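Shown next, in structure tokens, is the structure this report addresses.
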Amino acid sequence: MRHSPVIPSGGPVPLAGGAAPGRVPLVAVAHGSRDPRAAATVAALLDQVPLDVRVAYLDHCAPTLGQALGGLRAAVVLPLLLTEAYHSRVDLPAALNEARARDPRLRVSYGHTLGPHPLLLPALERRLGEAGVPVGDPDTAVVLVSAGSSDARANGVVAEMARAWRRSGWWTVTPAYASAAGPTPAAAVAALLRAGAPRVVVAPYLLAPGYFADKVRRETLEAGAEVVADVLGAAPELVEVLLERYTAALRQPEPVSLAG
């Protein structure tokens, strides 16, 4: 998908900062991929969001954030990212700075990333259930796989998610990272099998299919995983999170100033 259509709105939404009521588009910013399945998955997710929606990409796809903001006077910008890391802390604010410099009248509310959020564990369980894995099975160990980051804080969030998820009854839940950190997903699977886990399954904490998802599936199955669930994709829980993030950003007393 090279350009995303604007999705019809369910109705007007008040502007942030006490401005006159009006429709405030959501500009959802995904990472982007050369794999066309990724853009199709983002479109499927956003098709379920009852707002005026534009999509933008950080890399590999068009439109850019600046292009998606073109012609708007107000917008809520949300990162379609699962953890706070370099893209959400540096890349996106820099792109917003550029857009504000080109059009100082632009009012932007910048929202939080999708994760962490309590609804993401039910979304992961949904995908495992669809793959035939009973939720909280005490004979099943889960490898929770994220893309990985050079930001230790982002990796720490995934590790904390794994710790919280263990309380659901699983044999255990172990974090793993597809890049930039360890253990790798395959190493995590192998370690659990050596430790005596009766069954090991993999839950990708990934938004869309692509290079990482394919690599994780191939390598963890080779390492002995019994099941690899699908990516989160257009799970209904993610729609709820998006709407919550949008509403929270819109209710800020004033739109976020990123012009510096």
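The values are calculated or read from the model by the stated rules, or taken from the named source; none is laboratory data. All values derive from a computational prediction rather than experimental measurement. For neighbour counting, all protein chains shown are included, and Cβ atoms are generated from backbone atoms with ideal geometry for every residue, glycine included. Heads up: the accessible areas ignore ligands, DNA and RNA and are worked out on the full protein's heavy atoms, side chains in. Shrake-Rupley method; radii C 1.70, N 1.55, O 1.52, S 1.80 Å.
Label zone of residue 222 (point 7 Å out along Cα→Cβ, amide N under 12 Å): in the range 171-209 this covers 186-187.
In order along the range 156-163, the phi-based Karplus estimate (6.51 cos²θ - 1.76 cosθ + 1.60, θ = phi - 60°) of 3J(HN,Hα) comes to x, 4, 5, 4, 5, 4, 4, 4 Hz; Gly and Pro are listed as x. I'd like the carbon and sulfur percentage of the solvent accessible area for the chain, probe radius 1.4 Å, heavy atoms only, ligands and nucleic acids excluded. C and S atoms contribute 56 percent here.
Accessible surface for the range 147-225, divided over its residues, is 44 Å² per residue with a 1.4 Å probe. Projecting label points 7 angstrom from Cα along Cα→Cβ for residue 187 and residue 211 puts them 2.0 nm apart.
Farthest towards the positive end of the charge dipole of the chain, among the residues 75, 248, 132, is the Cα of 75, using unit charges on the Cβ of Lys, Arg, Asp and Glu.
Nearest 20 debye, what's the magnitude of the dipole of the chain about its Cα centre given +1 on Lys and Arg Cβ and -1 on Asp and Glu Cβ?
Working: 24 positive and 23 negative charges, 103 e Å.
The calculated dipole for the chain is roughly 500 debye.
At an R0 of 30 angstrom, the distance between the Cβ atoms of residue 60 and residue 105 translates into a FRET efficiency of 0.50.
The phi-based Karplus calculation (6.51 cos²θ - 1.76 cosθ + 1.60; θ = phi - 60°) puts the 3J(HN,Hα) values of the range 126-132 at 4, 5, 5, x, 5, 8, x Hz, whole numbers, x for Gly and Pro. The HN-Hα couplings worked out from phi for the range 209-215 by the Karplus form 6.51 cos²θ - 1.76 cosθ + 1.60 (θ = phi - 60°) are x, x, 4, 5, 4, 5, 5 Hz, whole numbers, x standing for Gly and Pro.
Projected label points at residue 48 and residue 160, each 7 Å from Cα along the beta carbon direction, are separated by 2.6 nanometres.
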